[in-house]
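Step one of this worksheet: look at the structure below.
The values are calculated or read from the model by the stated rules, or taken from the named source; none is laboratory data. Source: prediction; values computed, not measured. Glycine also receives a Cβ, built like all others from the backbone with ideal geometry; neighbour counts cover every protein chain displayed. In case anyone asks, the SASA skips ligands and DNA or RNA and just uses the protein heavy atoms, side chains included. Shrake-Rupley method; radii C 1.70, N 1.55, O 1.52, S 1.80 Å.
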Amino acid sequence: MVIDPAEFQQRRSRFIEQLGGVAAVIPASPLVTHHADVEHAFRQNSDFWYLTGFDEPGAVALFLPHRPENPFVLFVQPKEPTAEVWNGFRWGCEGAVERFGADLAHPLAELPERLGAYLQGAEGIAFRVGRHLELEPLVLKAWGQQLDRAPRSGQAALGLVAPCPILHDLRLRKTPAELVRLREAARISAEAHELARRVTRPGLGERQVQAVIEQHFLEQGARGPAYGSIVAGGDNACVLHYTSNSGTLMGGELLLIDAGCSLDDYYNGDITRTYPINGRFSPEQRDLYELVLAAQLAAIERVAPGADAEQVHDTAVRVLVEGLLELGLLSGSVEQVIEQGAYRHLYMHRTGHWLGLDVHDVGAYRLGEHPVPLEVGMVLTVEPGLYISDRLPVPEGQPAIDPRWKGIGIRIEDDVAVTAQGHEVLTAAALKAVAAMER
Ligand code: GLY
Ligand code: MN
Ligand code: MN
């Protein structure tokens, strides 16, 4: 546990305080089948992790503001020698209390019989429906029984509410300790990109470059990649979620790498770099690279308290559209192209997302009509790109794409924290200047 136990305690206190009189039920992730009876490596539910730091499956956390003497209750897999021989160490109920600060802990098998009593007296129940299909009937049953007894007991939860608005609002603003962890994820991820660029040469397999990146993640003590690493030579870069990494690198083409590590405590990096495989940009590649870089730098400049992620996106779009008009890949006026979205066959995704314990981290981007204003402690990616292929039809009135541009896919992505002064680029150690991409 690298984040101090006291910080987990503070997170729980703030969560419980904001719940008012509502009790929250937050489950751990289950093990997920990979194939046959083999499971994927365990990945904790980020909400559960954020509040507990407890890294086992088969657990449920209760947060009970109506029981101020024991508001944090954990149900866990009990210690059991045979299970631990096969699947490894468990903290058990004692560990849950002593190590993880639970006020009370019980074996998970006792949840069905105990849940009702713990929820009794809460004004409402905060539980995310639709996601936890084994736990959901237990929560509904406990609530239903409360309602049955309400005429005589005089109390029952009034409703089921989503825990997300409170919890995800907390997770959206990173503490100084979380920023330390995100900087560490950014450091390892950026180093891996630098190593990858140094080994890149024509004839290498995409997967061999992936190996260099992921080896560095593991060597540095990260769990591994935060998401399926994208190592995409040439036209493969125009497939946004290309993860087969089965191609061969060709001289004269670009290599796009979108990869970041996930730390032991799940904080993530998310970086994209694009550079020429043989070390020299062609004129077309250089024009487009300089354009994406200009869009990214302008968008990053926009990141500051009081601005919002839509302004960051709009800034990138404007720079890209102006450049594409100059290069003859679009025609019309800047305003008209933007208004009609007539650039979307070349740039079809948003310019970024929140980053934290999830790569596409939680937190609202809009509240009703209004974009959420950026605040100190929020962390987002800034990742404009251009993808020149004929997969999408050219919009009416826009020029056909000259073959010399096709097969060029470029994205440049950094992780950016909002600071009082404006912003901090966490991933600046991964170079991106034109000169640094050439050799
Ligand atoms: N690698 C996923 C993303 O950039 O959003
Ligand atoms: Mn991203
Ligand atoms: Mn990415």
Practice item. Would you kindly compute the Cα radius of gyration of the chain and its largest Cα-Cα separation (Dmax), both in Å? Key: 24.8, 80
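Give me the extension gain from Glu80 to His349: residue separation times 0.36 nm, minus the current Cα-Cα distance, reported in nm with one decimal.
Values: separation 269, 0.36 × 269 = 96.84 nm, distance 4.85 nm.
Additional length available on full extension: 92.0 nm.
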Review point. Amide H to amide H, which residues 5 or more places from Cys261 or on other chains are under 5 Å from it, using H placed in the peptide plane?
Key: Ser189, Ala226, Gly269
**Study point:** Sequence of Met250, Met437 from largest to smallest accessible area, 1.4 Å probe
**Key:** Met250, Met437
Practice item. Report Thr175's accessible area, 1.4 Å probe, all protein chains in place, as a number in Å² to the nearest 10. Key: 40
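Need one number: % antiparallel among DSSP beta bridges in the chain, to the nearest 5. Intermediate values should be presented prior to the final figure.
Details: 41 of 50 bridges.
Antiparallel bridges: around 80 percent, rounded to the nearest 5.
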Practice item. Rounded to whole Å and sorted largest first, list the principal axis extents of the Cα atoms in the stretch 354-439. Key: 45, 43, 24
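Over the stretch 291-372, what is the relative contact order in percent, taking alpha-carbon pairs closer than 8 angstrom and at least six residues apart? Numbers along the way, then the final one.
Working: 65 pairs, mean separation 20.9, N = 82.
This gives 25 percent for the stretch 291-372.
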**Study point:** Projected label distance in nm at Glu335 and Val2, using a 7 Å step from Cα toward the beta-carbon
**Key:** 5.0
Review point. Residue by residue, what Karplus-based ³J(HN,Hα) values in Hz, rounded to whole numbers, does the stretch 382-390 have, using 6.51, -1.76 and 1.60 with θ = phi - 60° and x for Gly and Pro?
Key: 10, 9, x, x, 9, 9, 9, 8, 9
Revision key, fill the gap. Computed on Cα atoms, the radius of gyration and Dmax of the stretch 37-133 in angstrom are 14.1, 43
Review point. At q = 0.17, 0.19, 0.24 Å⁻¹, what base-10 log of I(q)/I(0) does the Debye formula yield for the stretch 185-283 when every alpha carbon is treated as an equal point scatterer in vacuo?
Key: -0.65, -0.80, -1.20
Practice item. Just read off the accessible area of Arg223 with the full protein assembly in place, 1.4 Å probe, to the nearest 10 Å². Key: 90
Revision key, fill the gap. At the level of C-alpha centres, the distance separating the stretch 342-418 and the stretch 55-129, in angstrom, is 41
Point to revise | Helix-only CD estimate at 222 nm, as mean residue ellipticity for the chain, using -39500 (n - 2.57) per DSSP H run (n ≥ 4) | key: -11500 deg cm²/dmol
Revision key, fill the gap. Amide H proximity to Ala59 below 5 Å, modelled H, separation 5+ or other chain, gives Ala28
Exercise for review: Report the relative contact order of the stretch 309-439, percent, no decimals, based on alpha-carbon pairs under 8 angstrom and at least 6 residues apart.
Suggested key: 23
Point to revise | Accessible surface ranking that places the most exposed of Thr33, Thr351 first, with a 1.4 angstrom probe | key: Thr33, Thr351
Revision key, fill the gap. Between Leu204 and residues 5 or more places away or on another chain, the pairs with built amide H atoms under 5 Å apart involve Leu249
Review point. Considering only protein heavy atoms, what is the solvent-accessible area of Val60 at a probe of 1.4 Å, reported in Å² to the nearest 10?
Key: 10
Revision key, fill the gap. In terms of the alpha carbon gyration tensor, root eigenvalues a ≥ b ≥ c, rounded if a/c is under 1.5 and otherwise prolate when a/b exceeds b/c or oblate, the stretch 260-301 is oblate
**Study point:** Burial order of peptide ranges 394-401, 262-269 (average beta-carbon count within 10 Å, highest first)
**Key:** 262-269, 394-401
Exercise for review: Loop only per DSSP, at most 16 neighbouring Cβ atoms within 10 Å: give me the trypsin sites (Lys or Arg not before Pro) in the stretch 1-47, ordered by residue number.
Suggested key: Arg43
Point to revise | Net lengthening on full extension, Gln208/Arg404 (0.36 nm per residue, minus Cα-Cα) | key: 67.7 nm
Study note, to complete from the structure: What one gets for the stretch 280-340 as the Kirkwood radius, inverse of mean 1/r over different Cα pairs in Å, is 12.3
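Hey, what did the chain get for relative contact order, percent, Cα under 8 Å, at least 6 apart?
14
Mind ranking 113-124, 289-300 by how tightly packed they are, going by the mean number of other C-beta atoms within 10 angstrom, highest first?
289-300, 113-124
What order do Phe63, Phe42 take when sorted by accessible area (1.4 Å probe), most exposed first? List each step's numbers first, then the result.
Details: Phe63 0, Phe42 45 Å².
Accessible-area ranking of Phe63, Phe42, largest first: Phe42, Phe63.
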Check your understanding: What's the center-to-center distance, using Cα atoms, between the stretch 134-205 and the stretch 1-31 in Å?
Key -> 11
Study note, to complete from the structure: FRET efficiency (Leu431, Ala41; Cβ distance; R0 25 Å; to 0.05) is 0.20
**Study point:** Dimensionless Rg ratio for the stretch 234-322, taking C-alpha atoms and the 2.2 N^0.38 Å reference
**Key:** 1.29
Check your understanding: Mind listing P(r) for the stretch 329-385? All alpha-carbon pairs, 5 Å bins, whole percents.
Key -> 4, 15, 18, 18, 18, 13, 10, 4, 0
Exercise for review: Tell me, rounded to the nearest percent, the portion of alpha carbon pairs in the stretch 1-71 spaced more than 16 Å apart.
Suggested key: 54
Exercise for review: Can you pull the one-decimal nm distance between simple spin-label points at Asp148 and Gln18, each 7 Å off the Cα toward Cβ?
Suggested key: 3.5
Exercise for review: Kindly state, to the nearest 0.05, the FRET efficiency for Ala177 paired with His360, given R0 = 25 Å and r defined as their beta-carbon distance.
Suggested key: 0.70
